[in-house]
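Student: Can you keep this structure in mind? I'll have questions shortly.
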Amino acid sequence: MLNHRNVNIFFVLFILAWILLDHHFHLSPAAYAWILLVYVSVLFCGSYFIQLGYFFKSVNSGNIGEKEIALSFDDGPATSYTMDILDLLREKQVESIFFCIGKNIPGNENILKRIVDEGHIIGNHSYSHHVLFDLFGADKMLDDLQKMNTAADSVTGRIPRFFRPPYGVTNPNLKKAVERGGFISIGWSIRSLDTVIRNEDRLMKKVLGSLKPGAILLFHDTSQITVKILPALIRQIQQKGYRIVRLDKMLKLNPYA
């Protein structure tokens, strides 16, 4: 199984074997640089691709035997487009999960309340979503996550268990914070790239072309293009025979502590 522990064991044994061979056959010193490069590349991929479960397990999809999918929205609550998305979801009678950033809650308490009041759930997307979040120590990460939960609890009375890592990046410190805080890490199976793609047709094709039973779709309620495509996207998903269900219902997990 490809994970951090097993890879470390493999590389330690490999380097010991290489040193032994080097002692007898005088191998090129440049080979050590290549070994280091391969190791760093593995760490990068393990950190960046949450689906690999390299440092710790994340839930990236639901039951592939059921033709149902779940929508998720990151980075709110936002005065820009969260309310528009809520309007569309209410019109289509679709429930979703919003992974919220704690620092965005002050001043947007009414939006957070509306999310919960209209049958959606909230997840933890950290308090700061700091650009250097991945460099925090485990204690600082946990403080950040708990601060987000405190902010959500003070407004809604809900304490999220579902957590989505900022930028989707994982590492050993985050593993410690997630485990200590009793969180359930949630990834995705379809990353829409709605913060990058500017063409509506291209975004629709990307999402619909990747659709599979149990899919967890990642969008942002800070993105205008998401608002634009959402009505047609929901319609076409349903026309393909999929049911759009709330994430906790699809996973059969309690979203709150």
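Student: Would you compute, from DSSP H runs of 4+ residues alone, the mean residue ellipticity of the chain at 222 nm, taking -39500 (n - 2.57) per run and dividing by the full residue count, rounded to the nearest 500? Write down the numbers at each step before the final one.
Tutor: On the way: 9 runs with 121 residues, N = 257.
So the helix-based figure for the chain works out to -15000 deg cm²/dmol.
Student: Here is a follow-up. Hey, what did the chain get for relative contact order, percent, Cα under 8 Å, at least 6 apart? Display every interim value, and only then the final one.
Tutor: Values: 430 pairs, mean separation 72.9, N = 257.
Answer for the chain is 28 percent.
Student: Additional query: Given 37 °C and 0.692 mPa s, how large is the Stokes-Einstein diffusion coefficient of the chain in µm²/s, with Rh as the Kirkwood radius over Cα pairs?
Tutor: On the way: Rh = 19.7 Å.
Approximately 167 µm²/s, per Stokes-Einstein.
Student: Can you list the lysines whose alpha carbon is less than 18 Å from that of Lys240, not counting same-chain residues fewer than 8 positions off?
Tutor: Lys67, Lys92, Lys205, Lys206, Lys212
Student: So who's got an amide H within less than 5 Å of the one on Gly123, skipping anything under 5 residues away but keeping other chains? H placed 1.01 Å off N, in plane.
Tutor: Phe98, Phe99, Cys100
Student: Here's a follow-up. When 1/r is averaged over all different Cα pairs and the result inverted, which Kirkwood radius in Å belongs to the range 115-172?
Tutor: On the way: mean 1/r = 0.0832 Å⁻¹.
Result for the range 115-172, one decimal place: 12.0 Å.
Student: A further question on this structure: Can you give the Rg and Dmax of the range 18-147 based on its C-alpha atoms, in angstrom?
Tutor: Both quantities, over Cα of the range 18-147: 22.2, 73 Å.
Student: For the chain, what proportion of DSSP beta bridges, expressed in % and rounded to the nearest 5, is antiparallel? Walk me through the intermediate numbers first.
Tutor: Numbers: 2 of 22 bridges.
If I count the DSSP bridges inside the chain, around 10 percent turn out antiparallel.
Every number here is computed from the coordinates shown, using simple stated rules; none is lab data. Predicted model, so just to flag it, every value in this text is computed and none were measured.
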